[in-house]
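Reviewing the structure listed below.
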Amino acid sequence: MELYKFHVFLSMVAVLFLFPVVHGWGLDGHYTVCKIAQSRLSKAAADAVEKLLPTSANGDLASVCIWADRVKFHYHWSSPLHYIDTPDNLCNYQYKRDCKDEDGVEDRCVAGAIYNYTNQLLSYNKGNDHVSTYNLTESLLFLSHFFGDIHQPLHVGFTSDRGGNTIDVHWYTRKTVLHHVWDSNIIETVEERYDDSNVDELVDAIQKNITTGWADQVNSWENCSGNKTACPDIYASEGIKAACDWAYIGVSEGSTLEDDYFLSRYPIVLWRLAQGGVRLAATLNRIFK
């Protein structure tokens, strides 16, 4: 029976990827985070990830990194796990205060989800029967996706505007909302201008920066205080600071965002994508050591 459930899950993964639903970082943002992460895995972690990935992924974590967005209509309970709402204009994050859903249920936010799925994956070496394989495959896909989400600054945005989702703006001539600008528009514009509209070229450019321009920061990105396996509270605190310093600043309802905004913000987006990928790899390496 459990083996049947696992095959149903794999079939659901394949079917869900036929439907174009995009949230969080857009498709290219999540792809980038997971592509960077997979290239930095230890052998033990790479072997574990390959075993846990659904067969439809063909060993490519990035190809299923968007999965958690596409199961929201099926797993309704998972929607609050993609973000954190913080008090308006305080520009800081506290787990006990902020990690809860709209009904006040504690631990229901992206930081809580990262803790939860990290702990689930730590059971990998304790047994690998059909039940745990089914659960841990989902745990891997959720964790990989949520590492992307928590590094998108407006996923740790203000409560009243739902992380910029209610702030209408124009991205050049296109009407959108501020949240979507950070999810997708900035990344798409980077690809159009600098990467021949090719996400793999974007990934290559970020990876080169990781080994050159950001090389002196990588160790600090990978480290986790207190011998923890994952440190989402650090990532969330960085996120709301970036939201206040870069995403929200100079933006109001109806703003038109053009080159001044794009040229000063896209380095922050690429930096956060790099951090997300490096940290996801470091966390998986600790989990599967």
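Every number in this text was worked out from the coordinates using simple rules, so none of it is lab data. Values in this document were obtained by computation on a predicted structure and should not be read as measured data. In this analysis, Cβ positions are derived from the backbone assuming ideal geometry, glycine residues included, and neighbour counts consider all displayed protein chains.
Brief remarks on what is shown
- Unit charges on C-beta of K, R, D, E only; dipole of segment 238-283, Debye: 340
- Shape annotation for segment 113-266: C-alpha extents along the principal axes are 54, 38, 31 Å, from largest to smallest.
- Approximate spin-label separation Arg193-Ser79, in nm, with each point projected 7 Å along Cα-to-Cβ: 3.5
- Given their separation in residues at 0.36 nm each and the Cα-Cα distance between them, Lys51 and Tyr172 gain 39.1 nm when the chain is fully extended.
- From the Kirkwood radius over Cα pairs of the chain, Stokes-Einstein at 37 °C and 0.692 mPa s returns a whole-number translational diffusion coefficient of 171 µm²/s.
- The HN-Hα couplings worked out from phi for segment 157-163 by the Karplus form 6.51 cos²θ - 1.76 cosθ + 1.60 (θ = phi - 60°) are x, 7, 5, 5, 9, 6, x Hz, whole numbers, x standing for Gly and Pro.
- When you count the other C-beta atoms within 10 angstrom of each residue and take the mean per peptide, 135-146, 224-235, 75-86 line up highest first as 135-146, 75-86, 224-235.
- Per-peptide packing, taken as the mean over residues of other Cβ atoms within 10 Å, places 37-45, 207-215 in the sequence 37-45, 207-215 from highest down.
- Under the simplified labelling scheme, the Leu263-Asp204 pair shows an inter-label distance of 2.6 nm, with each label point 7 Å from Cα along Cα→Cβ.
- Filter on Lys51/Lys96; Lys175/Lys228; Lys43/Lys241; Lys35/Lys72; Lys51/Lys241; Lys43/Lys228 - keep pairs with C-alpha separation over 31 Å: Lys51/Lys96; Lys175/Lys228; Lys43/Lys241; Lys51/Lys241
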